[in-house]
Amino acid sequence: IGVLLFAGMSAEGVMYDWCVLYLQQDVGLSQAQAAVGYAVFSGAMALARFAGDALRARYSETALLAAGGGLAAVAMAVVLLSAHPAVAMVGFALAGAGLAPVAPILFNAATRVPGVSPAAAIAAVTSVGYSGFMLGPPLIGSIAAATSLTAALWVVVLMAGLLAVGARWGPA
């Protein structure tokens, strides 16, 4: 559960810290236009989180985690391959919606780990998950310095893909 949360929070942190620069530097938008990308990602994530309980009532947490990770991975891959402003905005919205259920689902799953108190499970998973939020963005900076920001942002695709594939081992 911690590894999956690490992947999800890494991807989320990278989007928060690097999407505007990507839109400016690699897509060619102005600073004001690029800032809309951040708002689109964040807004879609917020809307999807508000819808999360209704989705969890209808679908299993495993299915939502796998679908969300897959959606975020595919959306970001299309964004990076196209480098087109409109595609990037739609892709950022889809990535935000895909990553939105990760933390709520995995925090909830941690409380159900047999033999571990919910408080201890949340503390452990939070420590691992938030380290992804802290380590993911600097990792992107290091990769971008050695290659390019576009190349570095493929880490988001990788982390979201890990969520999609690893979903079967997360929620119980």
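Details
- Here residue 119 meets the list (1) more than 16 Å from the chain's Cα centre (by Cα); (2) touching a residue at least 40 places away in the same chain (Cβ under 8 Å); (3) surrounded by fewer than 22 Cβ atoms within 10 Å (Cβ to Cβ) almost entirely, failing just condition (2).
- For the range 84-93, the condition holds for no residue, the condition being that it is part of a helix (DSSP H, G or I), under 18 Å from residue 5 (Cβ atoms) and open to solvent by less than 10 Å² (accessible area, probe 1.4 Å).
- Here residue 53 fits the description: over 15 Å from the mean Cα position of the chain (by Cα), acidic (Asp, Glu) and surrounded by fewer than 17 Cβ atoms within 10 Å (Cβ to Cβ).
- Qualifying residue in the range 136-144 (condition: more than 17 Å from the chain's Cα centre (by Cα), polar (S, T, N, Q) and surrounded by fewer than 18 Cβ atoms within 10 Å (Cβ to Cβ)): yes
- The range 23-53: number of residues that are more than 26 Å from residue 3 (Cα to Cα) and assigned to a helix (DSSP H, G or I): 12
- Test: residue in the range 70-78 that is without any contact (Cβ under 8 Å) to a residue 24 or more places away in the chain and open to solvent by 50 Å² or more (accessible area, probe 1.4 Å): yes
- Residue, nearest to residue 104 (Cα to Cα), within the range 1-14, restricted to residues that are touching a Ser or Thr at 6+ places or on another chain (Cβ under 9 Å) and among the aliphatic types (A, V, I, L, M): 5
- Residue count for the range 1-34, restricted to those that are open to solvent by 10 Å² or more (accessible area, probe 1.4 Å) and over 20 Å from residue 98 (Cα atoms): 11
- Failed item, numbered, when residue 125 is tested on (1) farther than 17 Å from residue 70 by Cα; (2) open to solvent by less than 10 Å² (accessible area, probe 1.4 Å): (2)
- Considering the range 41-50, and only residues there that are open to solvent by 40 Å² or more (accessible area, probe 1.4 Å) and not basic (Lys, Arg), the residue that is modelled with the lowest pLDDT turns out to be 50.
- Among the residues of this structure, residue 157 counts as one that is under 29 Å from residue 56 (Cβ atoms), in contact (Cβ under 8 Å) with a residue 24 or more places away in the chain and in contact with a helix residue (DSSP H, G or I) (Cβ under 7 Å, 6 or more places away or on another chain).
The values are calculated or read from the model by the stated rules, or taken from the named source; none is laboratory data. What you see is a predicted model; the values in this text were computed from it and never measured. Every residue, glycine as well, gets a Cβ built from its backbone with ideal geometry; the counts of neighbours run over all protein chains shown. SASA here: full protein model, heavy atoms, side chains in, ligands and nucleic acids out. Shrake-Rupley method; radii C 1.70, N 1.55, O 1.52, S 1.80 Å.
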